[in-house]
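See below for the structure under consideration.
The values are calculated or read from the model by the stated rules, or taken from the named source; none is laboratory data. On a predicted model such as this, the values are computed, not experimentally measured, just so you know. Neighbour counts are summed over all protein chains in view; Cβ atoms, including those assigned to glycine, are modelled from backbone coordinates with ideal geometry.
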Amino acid sequence: MPLVPHITLDVAPGSWTCLLGPSGVGKSTLLRLIAGIGDEAALTGTLTASDGAQLKGRVALMAQSDLLLPWLTVTDNVTLGARLRGADPQPGRAAALLEQVGLTDHAAKRPAQLSGGQRQRAALARTLMEDRPIVLLDEPFSALDARTRAQVQDLTAQLLGDHTVLMVTHDPAEAARLGDAILILSEDGCAAWPAPPGKPPRPVDDARTLETQGKLLATLRGSI
Amino acid sequence: MTRIANVVASICVALAFWQGLVILTGVPRFILPGPALVAETLWTSRALIAHHTVITGIEVLAGLALGAILGGLTAIGLAASPIARNLVRPMLIFSQAVPVFALAPILTLWFGYGIGSKIVMTLLVIYFPVTSAFFDALMRTPQAWIDMARLMGASPARIMRHIRIPAALPGFASGLRLAAVYAPIGAIIGEWVGASKGLGYLMLLANGRAKTDLMFAALIVLAVCTVLLHAAVDRACRATLDKNA
């Protein structure tokens with residue numbers, strides 16, 4: 001059974017694309033297929049990067065769950081990828097990234113000792129440590145409270161600024177704040193939506209952003 | 001503190017009940033000795049009991065260590081290879097249908113009258129619970145962690161080492177806790193079938209000579225040692241393996 005219909009999904013390199021849609025439409029599955037780990041579904045079609053090289057090994061994924069390993073310290077979680085590849089863990093770079101996400105004082109702690117926002121920032125540092133040009137975000141902020149969410153959104157937008165980002169979200173506010181481009185995925189396919197003016201992350205109280213948010217929500221409600 | 005008080009109180013009640021039964025029924029001491037007599041024998045025969053306890057203790061600890069190592073390696077092997085799973089798992093489960101008791105005489109034949117056959121017996125008794133608990137935990141690694149590791153470019157061997165094994169250590173710990181309780185049973189079975197040393201041998205000997213008080217004294221020492229072993233393994237697991245949970 002086709003999960004999503006024939007779609008063409010373009011993500012501009014070096015920009016942030018938000019993929020919005022009702023739950024159950026297959027947003028996360030699509031993201032997993034792009035990442036190459038979606039064993040639960042098959043992709044009929046092609047994935048191409050703008051430089052013609054293959055995607056494998058150039059994609060990082062950050063999910064709603066932080067996926068921090070509870071037995072490792074924050075630093076060891078951030079350097080996990082290198083150890084899994086048998087490479088140099090680069091502790092200096094890890095420390096610098098932890099400083100950027102504001103976790104220097106928590107570097108030696110276990111994930112259980114951190115708040116939700118801190119854990120997601122640690123996951124962000126781990127994602128950045130991977131140094132992949134393409135970053136897939138699967139509702140990474142949805143488990144956070146409103147204030148923390150806005151802070152982590154700003155930080156993520158700032159640190160992932162030069163990456164090609166595809167973010168799946170069900171939150172119109174998030175799409176309106178963070179998207180250079182906004183796409184709506186529905187049973188009928190994938191449609192582009194004009195993003196509000198201004199460079200992301202747009203202020204939470206920006207009038208045009210709020211207007212886009214409202215219109216997006218109205219469209220999403222209509223499509224259910 | 002209330003827990004300790006509860007344990008002490010429950011022991012006192014049991015001892016009072018036991019002594020009361022002996023006094024009321026007036027059974028001969030070779031049928032059921034009272035706790036006072038058992039305590040007396042425990043004290044007067046302390047050197048004898050201690051000597052045999054050390055032998056059984058060595059068998060139990062050696063069997064426990066070997067069983068933990070072999071069980072751990074088997075579980076990792078099974079978890080790593082679907083082929084090994086298909087081939088070995090039915091065999092492993094079938095082996096549990098064979099009563100270990102029935103194997104004791106043949107183990108004595110193969111590994112001798114000394115502590116060797118008892119260590120093997122202990123190993124056999126604990127091998128399955130350790131393997132099974134650790135294997136189940138290894139197969140329950142959250143898929144999202146494995147996906148993340150694959151995306152990071154990890155090989156299956158490194159995923160096993162850095163993610164699946166550490167995540168499964170609390171399961172290994174549950175296996176070891178069970179093993180600590182089962183291990184003395186294995187050693188005692190081995191000693192019953194054929195031995196010249198150990199608490200199992202001492203109990204059989206005391207029983208045969210109608211020294212029921214000595215039999216009970218050895219039994220109590222065995223039970224106390226088993227409880228202490230379990231407590232020690234539990235503490236060690238809490239301090240190390242359980243921290244991964």
Looking at segment A:56-82, which of its residues are more than 8 Å from chain B (Cβ to nearest Cβ) and among the polar types (S, T, N, Q)? A:64, A:73, A:75, A:77, A:79
If we keep only residues of segment A:86-117 that are within 11 Å of chain B (Cβ to nearest Cβ) and surrounded by fewer than 15 Cβ atoms within 10 Å (Cβ to Cβ), then the residue nearest to the chain's Cα centre (by Cα) is A:112
Name the single residue, out of those in segment A:55-75 being more than 17 Å from residue B:151 (Cα to Cα) and in contact with a helix residue (DSSP H, G or I) (Cβ under 6 Å, 6 or more places away or on another chain), that is surrounded by the most Cβ atoms within 10 Å (Cβ to Cβ). A:74
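Restricting the search to segment B:121-164, which residues are polar (S, T, N, Q) and either closer than 15 Å to residue A:37 by Cβ or within 11 Å of chain A (Cβ to nearest Cβ) (or both)?
The answer is B:141, B:143, B:155.
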With the structure loaded, tell me whether residue A:134 is in contact (Cβ under 8 Å) with a residue 60 or more places away in the chain, of a type outside the set (Asp, Glu) and in contact with a His (Cβ under 8 Å, 6 or more places away or on another chain) or whether it fails that test. yes
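Evaluate segment A:145-157: report whether one residue or more is more than 23 Å from residue A:8 (Cα to Cα), without any contact (Cβ under 8 Å) to a residue 40 or more places away in the chain and either among the acidic types (Asp, Glu) or not assigned by TED's automatic domain parsing to the domain that holds residue A:221 (or both).
Yes: one or more hits.
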Subset tally (residues that are of a type in the set (Asp, Glu) and in a loop (DSSP other than H, G, I, E, B)) for segment A:73-98: 1
Counting only residues in segment B:230-245 that are aliphatic (A, V, I, L, M) and closer than 20 Å to residue B:141 by Cα, the one surrounded by the fewest Cβ atoms within 10 Å (Cβ to Cβ) is identified as B:245
For segment A:99-187, give me every one of the strands (runs of 3 or more DSSP E) that falls completely inside it and has 3 or more residues that are of a type outside the set (Val, Ile, Thr). A:134-138, A:181-186
Looking only at segment A:36-54, filter to residues that are out of contact with any helix residue (DSSP H, G or I) (no Cβ under 6 Å at 6 or more places or on another chain) and within 11 Å of chain B (Cβ to nearest Cβ); which one of those is surrounded by the most Cβ atoms within 10 Å (Cβ to Cβ)? A:36
Okay, helices (runs of 4 or more DSSP H) sitting entirely in segment B:114-205 with 3 or more residues that are under 30 Å from residue A:79 (Cα atoms) and out of contact with any helix residue (DSSP H, G or I) (no Cβ under 8 Å at 6 or more places or on another chain), I get B:143-151
